[in-house]
1. When all alpha-carbon pairs of region 44-292 are counted, what percent fall beyond 33 Å?
2. Nearest 10 degrees is fine. How inclined is helix 136-146 to the longest principal axis of the chain, computing both from alpha carbons?
3. Name the long-range amide H neighbours of Ser284: under 5 Å, sequence gap of 5 or more, or other chain; modelled H, no Pro or chain starts.
4. Run the quick spin-label model on Glu224 and Val293: label points 7 Å from Cα toward the beta carbon, then report their separation in nm to one decimal.
5. What are the ³J(HN,Hα) values, in whole Hz, obtained from phi via the Karplus relation 6.51 cos²θ - 1.76 cosθ + 1.60 with θ = phi - 60°, for each residue of region 90-105 in sequence order, with x given for Gly and Pro?
6. How large is the direction-averaged shadow of the alpha-carbon convex hull of region 138-211, in nm²?
7. I'd like the accessible area for Trp281, computed on protein heavy atoms only with a 1.4 Å probe and all protein chains in place. Round to 10 Å², please.
8. Within straight cross-link reach of Lys321, meaning Cα distance under 20 Å, which aspartates and glutamates are found once same-chain residues fewer than 8 apart are removed?
Amino acid sequence: MKNMHYIHMLLDTNMENTGELLMTHTQDLFPTRLEREANMFERLDPVIHTPESRATDGPLSRDRLREFDDKGFLFFDSFFSRDEMDGFIQELAEYQQNQALKQEEGTILEPGTEEIRTIFGIHEISDRFDRLTREPRLLKMVQQILDSDVYIHQSRINYKPGFKGKGFNWHSDFETWHSEDGMPGMRCVSCSIVMTDNNEFNGPLMLIPGSHRNFIPCVGQTPENNYRESLKNQTLGVPGEQDLKRMMDRGFIEAPKGPAGSMIMFECNTLHGSNSNMSCWPRSNLFFVYNSVENTLEEPYCGNRPRPQFLANRRSWAPLKPV
Ligand code: 6CS
Ligand code: FE
């Protein structure tokens, strides 16, 4: 049963005699892409959805759950062994040489180059990556946090090639997924698996600890097909500098680094971004976005047409079963 506080039941004025309740729309509890600035406000959803009594029914210890609750992300050094990653890394290298794949709409190139920036829907392209989304070690942690079955909302590989990989502006994924994909609430977690060693020079993912606790409404109306620009250079859904400074002063910035096979698990509303890659080494990270089956997509709250399947899965919300 969906979280009822998202469903805004209205008496249909034409039918008040019958008192029949009609679900006319899901109330937008996270208004954003506004005409003028609005204050940030505290999130409405828990971070850890599992009740305290069942909190340790899963691989994460109380301390790790508390750390995720406090910071909005966890780092796992060498979560997968390097040789477990070899097959995945080999497959990603083959994709970079695949000219037909470069023409796909779900493949985004670095501006002005033939270098791949992102391939979306990687779990729908590859059986190997599809199986990885159902790796029990991942699934059990995500289910423990979200207290429900999950499905993949979005998967992608960000290549960030040496010298040419551009950065990503600060943003909350949830702000985009709510506004442009109709994701009702914050019950969604990303797992970013490091495919090439992340060091301080090749543009590692940067996160602001504690930023997941506030929703920051952003200014600017969303044009149709915004993703054609935003995936190369995001300008909408980027918080203002005053709000970013407030979050950074409060939580500072962390850039977890580690060898291929390491993993960053972060909450859908944790502010993150990354610098351009000025080194010669690629910084390729795989992202699996696990959404709760209790948080499935509505119509986009920005009012636009739904985004393509490779960005926002509307086709299969069946609970993922571990391999
Ligand atoms: O629009 C999106 O869904 C994508 N944009 C960013 C910057 N992060 C999340 C996601 O990949
Ligand atoms: Fe993001």
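1. On the way: 4059 of 30876 pairs.
Within region 44-292, distances greater than 33 Å cover 13 percent of Cα pairs.
2. Between helix and principal axis, roughly 30 degrees.
3. Placed amide hydrogens put Met195, Thr196 under 5 Å from Ser284.
4. According to this spin-label approximation, the distance is 3.5 nm.
5. 4, 5, 5, 5, 5, 4, 5, 9, 8, 5, 5, 5, 5, 8, 5, 5
6. Values: hull surface 25.3 nm².
Result: a mean projected hull area of 6.3 nm².
7. Its accessible surface works out to 130 Å², give or take rounding.
8. Asp57, Glu124, Asp127, Asp130, Glu135, Asp147, Asp149, Glu294
The values are calculated or read from the model by the stated rules, or taken from the named source; none is laboratory data. A quick note: this is a predicted structure, and the numbers were derived from the prediction, not measured. Every residue, glycine among them, receives a Cβ derived from its backbone with ideal geometry; neighbour counts consider all protein chains shown. In case anyone asks, the SASA skips ligands and DNA or RNA and just uses the protein heavy atoms, side chains included. Shrake-Rupley method; radii C 1.70, N 1.55, O 1.52, S 1.80 Å.
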